[in-house]
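Here is the structure we will look at.
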Ligand SMILES: [Zn+2]
């Protein structure tokens, strides 16, 4: 069984059940959709770039909400500040030699 599907809205399969491939009705962003055929539950995410992402309810860890930042990414500003400091330290070090 497919656990997750990322598909364009124009793709006919984008709205199909991950388990039995039956067309899912009343797909709504961020609302759990239950297949009328087999009862499979889907986590639904509509992305702004016309993409529909379906994830089976049993595997919520596979899901990522639109615009959700990756936990590991530092703030861009802090990142640049740290880079400048490192560059400065690098320059001082080499001037001294
Ligand atoms: Zn189904």
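The values are calculated or read from the model by the stated rules, or taken from the named source; none is laboratory data. Bear in mind the structure is a predicted one, so any value in this text is a computation, not a measurement. Here the Cβ is made from the backbone with ideal geometry for all residues, glycine too, and neighbour counts use every protein chain on show.
What the table shows:
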item	result
Any hit, region 2-14, residues being surrounded by 13 or more Cβ atoms within 10 Å (Cβ to Cβ), outside any loop (DSSP other than H, G, I, E, B) and within 9 Å of the ligand (Cβ to nearest atom)	no
Residues that are modelled with pLDDT under 85 and either farther than 24 Å from residue 7 by Cβ or in a helix (DSSP H, G or I) (or both), drawn from region 52-81	71, 72, 73, 74, 75, 76, 77, 78, 79, 80, 81
Search result, residues across region 22-34 that are under 12 Å from residue 54 (Cα atoms), part of a loop (DSSP other than H, G, I, E, B) and out of contact with any helix residue (DSSP H, G or I) (no Cβ under 6 Å at 6 or more places or on another chain)	28, 29, 30, 31, 32
Region 28-38: number of residues that are more than 7 Å from the ligand (Cβ to nearest atom) and surrounded by fewer than 16 Cβ atoms within 10 Å (Cβ to Cβ)	7
Residue within region 41-49 that is within 13 Å of the ligand (Cβ to nearest atom) and modelled with pLDDT of 95 or more present	yes
